[in-house]
Amino acid sequence: MRLLVIEDDPMIGRAVRAGLLQAGFAVDWVTDGRDAELSLANDVYDLAVLDLGLPRGDGMQLLAKLRAARNELPVLIASARDTVQDRIAGLEAGADDYVLKPFDLDELIARVRALLRRRAGSGSPQLRQGDLVLDPASKEVSKAGAKVDLSPREFSVLEALMHKPGEVLSRERLEEAVYGWGQEVASNAIEVHVHNLRRKLGAAVIKNVRGVGYRLANP
């Protein structure tokens, strides 16, 4: 899953980005409203963590533009604006959750995962497809009850596919879900990860839709 962190405080931004990377997400970080608007226009993100007090555009204005364009991207506001009225305003404007600064990083990550589960239409912390089970929190995968060891990239590709069961994801979309800005991506990286996943999980688990991309097989 690829996230956008919109935060102008360099210490907070670095900490949040590092924590989310450690949790297994691909993360991009921008520091003002204009760069955030340009980044969100690419439509490659699964969730945004949004500060409100931004240079070159207030966070509330950015959220309003997003929702006015009927963009349903999950947005988690992380702000020092701590009055009840501020929180109500943020949620009424279309935010999916609101956390106050200073926040615990583990709580922020848990809230991010909860929003992503909600977007995928699941209340369970685990993703399931037939006898394949993926736990985003523990980074564990099992097939028919047996644990399967995956590399971080393999895990991220599988997670992206399991968040969109039945949907065909292009190589470019999988790259966007797995890699952030500045990370070097080999031209055949996704093919290599899919090959390794098939070797570990079974050749029939991931289907290749020729000329389009990949999807999980029906259970």
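The values are calculated or read from the model by the stated rules, or taken from the named source; none is laboratory data. Here the structure is a predicted model, which means the values were calculated and not measured. Using ideal geometry, Cβ is built from the backbone for each residue, glycine included, and neighbour counts are taken over all protein chains shown. These accessible areas exclude ligands, DNA and RNA; they are computed on the full protein's heavy atoms, side chains included. Shrake-Rupley method; radii C 1.70, N 1.55, O 1.52, S 1.80 Å.
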Between LEU91, LEU100, LEU115, which is under 22 Å from the mean Cα position of the chain (by Cα) and touching a residue at least 24 places away in the same chain (Cβ under 8 Å)? LEU115
Here are the criteria: (1) touching a Phe, Trp or Tyr at 6+ places or on another chain (Cβ under 9 Å); (2) open to solvent by 50 Å² or more (accessible area, probe 1.4 Å); (3) modelled with pLDDT of 90 or more. Tell me which single one SER170 does not satisfy. (2)
Give the number of residues within the stretch 61-70 that are surrounded by fewer than 14 Cβ atoms within 10 Å (Cβ to Cβ) and farther than 17 Å from ASP35 by Cα. 3
Could you tell me whether ALA36 is surrounded by 16 or more Cβ atoms within 10 Å (Cβ to Cβ), under 28 Å from SER138 (Cα atoms) and not basic (Lys, Arg)? no
Top-ranked residue of the stretch 1-32 - restricted to ones that are in contact with a strand residue (DSSP E or B) (Cβ under 7 Å, 6 or more places away or on another chain) and part of a helix (DSSP H, G or I), ranked as surrounded by the fewest Cβ atoms within 10 Å (Cβ to Cβ): LEU21
Would it be correct to say that GLU175 is outside any strand (DSSP E or B), of a type in the set (Asp, Glu), farther than 15 Å from GLN129 by Cβ and open to solvent by less than 70 Å² (accessible area, probe 1.4 Å)? yes
Of the residues in the stretch 39-60, how many are open to solvent by less than 50 Å² (accessible area, probe 1.4 Å) and either polar (S, T, N, Q) or modelled with pLDDT under 90 (or both)? 3
With respect to ARG128, is the statement that it is without any contact (Cβ under 8 Å) to a residue 40 or more places away in the chain, within 18 Å of ALA26 (Cα to Cα), open to solvent by 20 Å² or more (accessible area, probe 1.4 Å) and not in a loop (DSSP other than H, G, I, E, B) true? no
Would you pick out the residues in the stretch 103-119 that are open to solvent by 50 Å² or more (accessible area, probe 1.4 Å) and either in contact with a Leu (Cβ under 9 Å, 6 or more places away or on another chain) or of a type in the set (Asp, Glu) (or both)? ASP104, LEU105, ASP106, GLU107, ARG111, ARG117, ARG119
Could you figure out which of (1) among the small types (Gly, Ala, Ser); (2) closer than 28 Å to VAL16 by Cα; (3) in contact (Cβ under 8 Å) with a residue 40 or more places away in the chain; (4) outside any helix (DSSP H, G or I) isn't true of GLY166? (2)
Which one of the conditions (1) out of contact with any Ser or Thr (no Cβ under 7 Å at 6 or more places or on another chain); (2) farther than 30 Å from SER151 by Cβ; (3) in contact (Cβ under 8 Å) with a residue 12 or more places away in the chain; (4) assigned to a loop (DSSP other than H, G, I, E, B) does ARG70 fail to meet, given that it meets all the rest? (3)
Only one of these conditions is not met by ASP51: (1) over 13 Å from the mean Cα position of the chain (by Cα); (2) free of Cβ contacts under 8 Å to residues at least 24 places away in the same chain. Which number is it? (2)
